[in-house]
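Working notes, structure below.
The values are calculated or read from the model by the stated rules, or taken from the named source; none is laboratory data. It should be emphasised that the depicted structure is a prediction, and the values quoted were computed from it without experimental measurement. When we count neighbours, we look across all protein chains shown, and the Cβ atoms used for this are built from the backbone with ideal geometry, even at glycine. Side chains included, ligands, DNA and RNA excluded: accessible areas come from the protein's heavy atoms. Shrake-Rupley method; radii C 1.70, N 1.55, O 1.52, S 1.80 Å.
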Amino acid sequence: MSGKIEDTVKEVAGAAEQQWGEATDSPRHRVRGAARRYSNQATYAARDAADTIKDQVQSNPLAGLAVAAGVGVFIGFLLGRK
């Protein structure tokens, strides 16, 4: 949970830096702020997706096993093609 909070704080810091860059007309701060903001949004989304998958697999392990087997067969099919 603390990882999500940290990502949110970094996202807000990135948004503030981006706004500072726009206020001072500094492209460096604008770009750095946008990069920080969007990278932390992506990290937050990935952690949220991983938590959701973890909860789903814990509540229904057989479905998780079936999905994992299906993904394995699909990857094996792709790697086996010439």
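When the chain is described by a simple charge dipole with +1 on each Lys and Arg Cβ and -1 on each Asp and Glu Cβ, the residue from Ile75, Ala45, Trp20 located farthest towards its positive end is Ile75. Summary of packing: across the peptides 57-70, 23-36, the per-residue average of other C-beta atoms within 10 Å ranks them, highest first, as 23-36, 57-70. When the alpha carbon gyration tensor of the chain is reduced to an equivalent ellipsoid, its three semi-axes come out at 39, 19, 6 angstrom, largest first. Ranked by the mean number of other Cβ atoms within 10 Å of their residues, highest first, the peptides 2-8, 73-79 come out as 2-8, 73-79. Can you tally the net charge around Lys4? Count Lys and Arg as +1, Asp and Glu as -1, for every other residue whose Cβ sits under 15 Å from the Cβ of Lys4. Computed value for this residue: -3.
Using the Cβ of Ala15 as centre and a radius below 12 Å, the other residues enclosed give a net charge of +2, where K and R count +1 and D and E count -1.
Spin-label model, Ile75/Trp20: points 7 Å from Cα along the beta carbon direction are separated by 4.2 nm. Once the Cα-Cα distance is subtracted from the 0.36 nm per residue extended length, the Ala63 to Asp51 segment shows a gain of 2.7 nm.
A 1.4 Å probe run over the protein chains yields, for the chain, 76 Å² of accessible area per residue, whole-number rounding.
Dividing the helix sum by the residues of the chain, where each DSSP H run of 4 or more adds -39500 (n - 2.57), gives a mean residue ellipticity at 222 nm of -33000 deg cm²/dmol.
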